Amino acid sequence: MFAASGSKVQRGYRRAGIAPNIPGKKIDTPKPLSEIERVMKILSVAVASLGMLVPLAGQETAPKWDVEIPGPIADGRPSEPPPEPEPIDFTVLTSRTTRREVTETPPMPGLPPVQGTIDVTVQLVADPNLPEPPPPLPALPPDDPQVVEKWEKLRETYRGSNLIFLGATVYDERRTLLRIYPNGETENAVTAWSNLNFLHFTGRFRGYRVNYPDGTFEDTALLMGISPIDTGRARLWAARAGRKYTGPEIPELPDSGIAGPAFVVIEGDRGSPAMDTLEQLHALYRKSGQQMAADFHAMEARRAALRAHYLAYPPEPDDLVIRFYKSPSKLSPR
């Protein structure tokens with residue numbers, strides 16, 4: 001585990017006979033120059049240690065990039081609704097109806113299945129002579145000036161895209177244990193504790209964009225598996241089963257509402273590309289965390305309202321009508 005502390009510097013002061021931050025305190029020694037040299041050696045080691053550890057603890061001083069959630073591709077104007085299909089007047093030749101008990105998947109997790117009795121009707125109808133489907137829109141030729149211009153601009157600024165596999169275990173919505181696998185590679189995995197609630201990354205968030213100082217950018221998509229754990233509930237369930245719940249050892253981290261996003265790496269190589277992902281995720285939350293949290297809570301509110309509606313008015317399975325007709329083969333003869 002990587003952590004930084006000033007206790008080494010304070011001990012170095014005390015061993016050298018210096019009281020830090022106390023005006024008027026002097027070195028009481030017959031060889032002050034030698035004592036000063038010894039203090040400088042101690043300070044240089046302490047500062048070097050702090051300089052190595054602080055970046056790993058998520059305290060980036062100069063941003064290497066700007067991280068953002070890319071906006072929608074559409075310009076915001078609603079598209080024109082498709083034309084209403086003309087009703088088809090089927091001529092029923094034969095019809096057969098049976099009653100069947102069905103069990104369907106609930107409309108959302110956590111609800112009972114949809115059960116009931118439905119009518120299944122199978123009808124043979126006359127050929128309605130449906131028109132042929134419209135042909136697909138023609139693709140723009142590769143030498144089209146607009147296509148060439150967009151490709152050239154993309155080649156100059158687009159670095160590519162990354163796929164990150166991320167496992168997140170959220171404890172009490174306050175601390176998250178992260179496991180980051182860049183492009184699914186386990187050998188470059190990094191494990192870290194974060195002071196963020198990574199449930200906020202499950203709203204409308206699907207990925208982010210990294211803008212570099214040279215004007216280029218790259219896109220990162222997240223494939224995230226998330227597990228929220230309520231330690232109080234887990235402790236209660238363990239007690240009911242006659243066992244003792246033992247939670248993970250979570251390192252000391254500042255409160256995100258006071259100190260902002262922070263993390264502590266407990267396993268992994270400092271040179272792994274997963275370290276960049278770790279810093280980018282926290283930089284993104286520092287910039288867009290309030291909106292991400294609002295999106296998550298809005299999604300949870302919608303789910304709660306839908307769940308309450310389905311429980312108050314349980315849905316019933318719909319009847320099923322299957323129509324088929326015989327049409328002449330359109331395959332050319334051999």
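Would you check if Asp214 is within 21 Å of Leu284 (Cα to Cα) and touching a strand residue (DSSP E or B) at 6+ places or on another chain (Cβ under 7 Å)?
no
Under 6 Å between Cβ atoms, which residue pairs at least 6 apart in sequence (or on different chains) link something in region 93-109 that is acidic (Asp, Glu) with a partner that is surrounded by 10 or more Cβ atoms within 10 Å (Cβ to Cβ) and in a strand (DSSP E or B)?
Glu101/Thr117; Glu104/Val114
Under 7 Å by Cβ, and 6 or more places apart or on different chains, what pairs join a residue from region 279-308 that is touching a residue at least 24 places away in the same chain (Cβ under 8 Å) with one that is of a type outside the set (Phe, Trp, Tyr) and in a helix (DSSP H, G or I)?
Here the result reads Tyr285/Met292; Gly289/His200; Met292/His200; Ala293/His200; Phe296/Leu199; Phe296/His200; Phe296/Thr202, each pair linking region 279-308 to a residue that is of a type outside the set (Phe, Trp, Tyr) and in a helix (DSSP H, G or I).
Throughout, read-outs are computed from the coordinates displayed, never taken from laboratory work. Keep in mind that what you see is a predicted model, and the values were worked out from it rather than measured. When we count neighbours, we look across all protein chains shown, and the Cβ atoms used for this are built from the backbone with ideal geometry, even at glycine.
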